[in-house]
Structure formats: C-alpha cells, structure tokens
1. Given the criterion surrounded by 10 or more Cβ atoms within 10 Å (Cβ to Cβ) and β-branched (Val, Ile, Thr), identify the matching residue among 69, 29.
2. Take the residues in the stretch 274-286 that are of a type in the set (A, V, I, L, M) and either exposed (fewer than 10 other Cβ atoms within 10 Å of the Cβ) or closer than 29 Å to residue 208 by Cβ (or both); name whichever of them is modelled with the lowest pLDDT.
3. Could you tell me whether the stretch 206-227 includes any residue that is surrounded by fewer than 18 Cβ atoms within 10 Å (Cβ to Cβ) and within 30 Å of residue 108 (Cα to Cα)?
4. How many residues does the stretch 52-70 hold that are among the aliphatic types (A, V, I, L, M) and within 25 Å of residue 99 (Cβ to Cβ)?
5. Anything in the stretch 106-118 that is in contact with a Leu (Cβ under 9 Å, 6 or more places away or on another chain) and not β-branched (Val, Ile, Thr)? List them, or say none.
6. Hey, residue 199 hits all of (1) out of contact with any strand residue (DSSP E or B) (no Cβ under 6 Å at 6 or more places or on another chain); (2) not assigned by TED's automatic domain parsing to the domain that holds residue 209 but one; which does it fall short on?
7. Out of the residues in the stretch 39-52 meeting the condition of being assigned to a loop (DSSP other than H, G, I, E, B) and out of contact with any helix residue (DSSP H, G or I) (no Cβ under 8 Å at 6 or more places or on another chain), tell me which one is surrounded by the fewest Cβ atoms within 10 Å (Cβ to Cβ).
8. When you scan the stretch 208-236, how many residues do you find that are under 27 Å from residue 158 (Cα atoms) and in contact (Cβ under 8 Å) with a residue 24 or more places away in the chain?
Amino acid sequence: MLGGTNPVVPFVPPVIPICYTRTVDGNNTANIKDQLVLDILPATIATFAAKVEDGNGGWKLNWDSRFTTIADADNDGLRSSSVGGLDPDDATWDADGDGLSDAYELDRRTDGLSISPVNWDTDGDGLSDKQEAEFGTHPVRADSDNDGLLDNVELYHEVYAFNGTTRRAEPTGTWAGGWDVVITGSQPYTLRVSGDATQADADGDGVTDQAERQFALATNAADRSNRLGLPYHPRIANENPIAIYTVASDPDLLVRPGQSVAYTTTVVSSASLLTGAALKSAALPALCPACCAPTRSTSPPQTQSPTRPT
Ligand SMILES: [Ca+2]
Ligand SMILES: [Ca+2]
Ligand SMILES: [Ca+2]
Ligand SMILES: [Ca+2]
C-alpha cells in the first residue's frame, strides 16, 4: 500500500560486473627518480650487521660509509662514550668478561660499591666479581668480614682465570679455598669446610673463623679438637679454648671516689697451640671528671704461658 505513514524504500538496481577485453595502443612515461630510491643490501645478514669502530669509542654499521655512530651499539643500556655516554666498551655488554654487564656493575656504584666494569676481580682476592655477587661477599674488599682471612681463602670455590683470547674470565676446573676438618672416631674422615666470609664468627661460638682454621690445621693433632675431643668446625659451635675468669674485691662493683679496687683476671687456655701467646691487657679510660676519678693501678701487659687443664 502506497502513501500513509510508511517510508518508501527506493529501488537501487544491482551492479553486475562485466569482464571484457580492452586494447590500449601507444606509449606512456613518468619520472620516478625523485620518488624511488634503490639500494644494494649486503649479501648476508652477518655482513649487514657487521660494525666498525668510528675511531672515537663508538661503532657504526660497516656496509655503507654514510652510516653514523650508533648510540648503544652493544645494546646494554649504556650509551657509547663517543656520544658522551658511560659505556667503557660499546662493542660488548660485558667489558671485563666476568659475566656481569657493564650496566649492572656501574649501577652497583649507586649502592656505594665502587665495583669496576673493566676489572673482572675488582678487589684482587681471586674471586671474580660475579662470584662475589653469588657468595654475597664484598667485591671491593678482599677480606669482606675483616677477620684476617681473605675471601678466597675462607670460601671453597672454583678458580677462574682471564682468557686473553676470548676476553672472558673462565672457570679452570680447579677448586681452592676452605680447609680440611678431620672428624675423628672409629672411621675418621676429612671434610672440606668453608667459613662465612660475611661474618667473622660463622657459628657465633666466640672462636673466629680464622682461629677455627688455625686450630683445624694445627701441627699438633691434639689442638685440632677441643678438650671434649670435638674437632674445631667453623659452622658448629665449639667450646672456646680460652676461658676468662674475673674477680673484683668490691662485690657490688660500685666504686666511690678514692676507693681502691682489686680486679683480678685469670685466663685459662685448653689449647697448647696458644702456649707462649702474649696476653694484652687494656684499661678503660676513666669515665668520671678528674676531680672524682678513682686512682687506677694496672699491671703492664703480661706474657704468660697458659696451661692445659686436666
Ligand atoms: Ca662485567
Ligand atoms: Ca674479588
Ligand atoms: Ca674474611
Ligand atoms: Ca666460630
């Protein structure tokens, strides 16, 4: 029904594609030299990616002399020195070959560690900077815990050496560090142990790791164990071979001005290794003003010969 309120839909004839043959005669030309640039790429990907030094610490692609310096040729996050960056060698992400990236080693400086990105063993203790990171030791301090044992002596580790050909610090297959502890008994056996290079006394028994090592390696076999026959081990608490007893003549230890106090210290050693060792005494400075400071009498440092109790 036409008219009324209903919309009228217009009629659109369908488009029917028709294939036919067209013939064109003559010539046509167009100038494309300003729109199209042709280049000849290297024959291989390796040649395409090959770089050459720019003579100023930077690198650039080698297959066309018109290339300019790449800001970060080794893609390690550090800009080349030729563009004012900090990368010590923009040809490799790891300039000293220790397994730690240049960026990581420089970042550690923000933690206060002046670790070197061009020296694989910054503190020269025989552990590479990467090994120090794995052990948790100080990469810039050869004796991390200041106990008298260098980190490489204190820790059993694989020895690394720098390979001048590969420019990398590589494992040698040999192991060093730590020391032997002989476990006595009906079937004695020898155990290789390590101290804790991050704290002077790994087991907190009052015997430093250095002393534990000295006892374990003592020439006299009797000194390798404490008086209970237990061998000194840096990870197992031992009874300290040195006992110190003190007695004061004033029981409450409260001293009034002018009072004299006798303070006696007795040192007993159960290790013959310590025979002949010097005992050094030191007195605390007076904490009171001079007007009320007690007079103090101390014996000079004494050298004694400790005895081994029965
Ligand atoms: Ca490195
Ligand atoms: Ca080191
Ligand atoms: Ca140490
Ligand atoms: Ca200890």
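The values are calculated or read from the model by the stated rules, or taken from the named source; none is laboratory data. Model, not experiment: these values are computed from the prediction. When we count neighbours, we look across all protein chains shown, and the Cβ atoms used for this are built from the backbone with ideal geometry, even at glycine.
1. Numbers: 29 fails: surrounded by 10 or more Cβ atoms within 10 Å (Cβ to Cβ).
None of the others qualify; the one that does is 69.
2. The initial filter retains those residues of the stretch 274-286 that are of a type in the set (A, V, I, L, M), namely 274, 277-279, 282-284, 286.
Remaining after also requiring either exposed (fewer than 10 other Cβ atoms within 10 Å of the Cβ) or closer than 29 Å to residue 208 by Cβ (or both): 274, 277-279, 282-284.
Numbers: 274: 65, 277: 64, 278: 63, 279: 64, 282: 63, 283: 61, 284: 57.
Step by step, filter the stretch 274-286, then rank; the result is 284.
3. The answer is no, given that none of the residues of the stretch 206-227 is surrounded by fewer than 18 Cβ atoms within 10 Å (Cβ to Cβ) and within 30 Å of residue 108 (Cα to Cα).
4. Restricting attention to the stretch 52-70, the residues satisfying the condition of being among the aliphatic types (A, V, I, L, M) are 52, 61, 70.
The next check asks that each one be within 25 Å of residue 99 (Cβ to Cβ); those that pass are 70.
Within the stretch 52-70, residues that are among the aliphatic types (A, V, I, L, M) and within 25 Å of residue 99 (Cβ to Cβ) number 1.
5. Taking the stretch 106-118 first, the residues in contact with a Leu (Cβ under 9 Å, 6 or more places away or on another chain) are 106, 108, 115, 117.
Residues satisfying the conditions are 106, 108, 117.
6. That leaves (2) as the condition not met.
7. Just the residues of the stretch 39-52 that are assigned to a loop (DSSP other than H, G, I, E, B), to begin with: 39-44, 50.
Narrowing the set further to residues that are out of contact with any helix residue (DSSP H, G or I) (no Cβ under 8 Å at 6 or more places or on another chain) leaves 39-40, 43-44, 50.
Working: 39: 5, 40: 7, 43: 9, 44: 9, 50: 13.
Per the criteria, the residue is 39.
8. The qualifying residues number 17.
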